[in-house]
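What follows is a set of notes on a single structure, which appears directly below.
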Amino acid sequence: MIQKIKFGTDGWRAIIAQEYTVENVARVSFATAQWVKANFENPSIVIGHDCRFAGELFVETAVKVFISEGVNVKMAKGFVSTPMISLGAVKLECSLGVVITASHNPPSYNGYKLKSHHGGPLTPSSVQEVEDQIPDVNPVDLTKVSLNSPLVEVVDLETMYVDHVRANFDIEAIEKSGLNLMYDECMALDKMQ
């Protein structure tokens, strides 16, 4: 049975090994590649993953699909946050950012978020255009595509992000402010559910 993939806010999220599989990530990546090729003259995508289960596997799947379609890829070294992909899209002048993350969803989920060339969310109409192009089956033979391609460049988005923060915020003033900041992710997740 063909699984219909539906995008929500900013992208697609599903339970790992149920709907969120290598084949379905490849299907979404194929649609993403078609969209970026139709909308940019020299398409490029910056991509990374968070620390969820199999993030690296899903990034490698997407990258194989992108390069099989002739799209240049900037692949993050190690796991990254969504803001790092957003900044990478801007600083590396990429057509699109893709981050493999399910954001605030439980650990059994993963996701596929799309970030525009300006770093913010892709417009709802553009997200719909990507969704509308998702094929019923993955058309790319992943076993025949190597990540060792001139279309792939590994980039250090973490260093880029930290350097950007240091250059744009008065860290010394923050340190001297006397403020004590705390963030409880578990509490934030409870409020969202």
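Here are the numbers for the structure shown:
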{"read-out": "Qualifying helices (runs of 4 or more DSSP H) (wholly inside region 113-193; at least 1 residues being at pLDDT below 95 and closer than 20 Å to V98 by Cβ)", "value": "124-132, 157-168"}
{"read-out": "Count - residues of region 1-20 that are farther than 22 Å from K115 by Cβ and either of a type in the set (A, V, I, L, M, F, W, C) or surrounded by 19 or more Cβ atoms within 10 Å (Cβ to Cβ) (or both)", "value": "4"}
{"read-out": "Among (1) of a type in the set (S, T, Y); (2) more than 20 Å from L142 (Cα to Cα); (3) touching a Cys at 6+ places or on another chain (Cβ under 6 Å) - the single one S44 does not satisfy", "value": "(2)"}
{"read-out": "Complete set of residues in region 83-100 that are touching a strand residue (DSSP E or B) at 6+ places or on another chain (Cβ under 8 Å) and either in contact (Cβ under 8 Å) with a residue 60 or more places away in the chain or not small (G, A, S) (or both)", "value": "M84, I85, G88, L92, E93, C94, L96, V98, V99, I100"}
{"read-out": "Extreme residue, surrounded by the fewest Cβ atoms within 10 Å (Cβ to Cβ), among residues of region 92-124 that are under 8 Å from the mean Cα position of the chain (by Cα) and not β-branched (V, I, T)", "value": "K113"}
{"read-out": "First in region 1-24 and under 20 Å from V98 (Cβ atoms), second anywhere and part of a strand (DSSP E or B) and among the acidic types (D, E), Cβ under 9 Å, 6 or more apart", "value": "none"}
{"read-out": "Condition check for S103: touching a strand residue (DSSP E or B) at 6+ places or on another chain (Cβ under 8 Å), in a helix (DSSP H, G or I) and among the polar types (S, T, N, Q)", "value": "no"}
{"read-out": "Any hit, region 72-86, residues being in a helix (DSSP H, G or I), of a type in the set (A, V, I, L, M, F, W, C) and either under 11 Å from the mean Cα position of the chain (by Cα) or within 23 Å of Y161 (Cβ to Cβ) (or both)", "value": "yes"}
{"read-out": "Count of residues meeting criterion [modelled with pLDDT of 95 or more and among the hydroxyl-bearing types (S, T, Y)] in region 64-96", "value": "3"}
{"read-out": "Identity of the residue in region 130-145, over 17 Å from the mean Cα position of the chain (by Cα) and acidic (D, E), that ends up nearest to K91 (Cα to Cα)", "value": "D132"}
{"read-out": "Selection within region 135-157 - of a type in the set (G, A, S) and loosely packed, with under 14 Cβ neighbours inside 10 Å", "value": "S146"}
{"read-out": "Cross-chain or 6+ apart pairs with Cβ under 6 Å, region 133-162 first and among the hydroxyl-bearing types (S, T, Y), then part of a helix (DSSP H, G or I) and surrounded by 14 or more Cβ atoms within 10 Å (Cβ to Cβ)", "value": "S149/I67; Y161/M84; Y161/L87"}
{"read-out": "Identity of the residue in region 13-38, of a type in the set (G, A, S) and not in a helix (DSSP H, G or I), that ends up nearest to G111 (Cα to Cα)", "value": "A14"}
{"read-out": "Test: T61 is within 17 Å of N110 (Cβ to Cβ), touching a residue at least 24 places away in the same chain (Cβ under 8 Å), crowded, with 23+ Cβ neighbours inside 10 Å and polar (S, T, N, Q)", "value": "yes"}
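The values are calculated or read from the model by the stated rules, or taken from the named source; none is laboratory data. Fair warning: this is a prediction, and the values are worked out from it, not measured in the lab. Here Cβ is always computed from backbone atoms with ideal geometry, including for glycine, and neighbour counts include all displayed protein chains.
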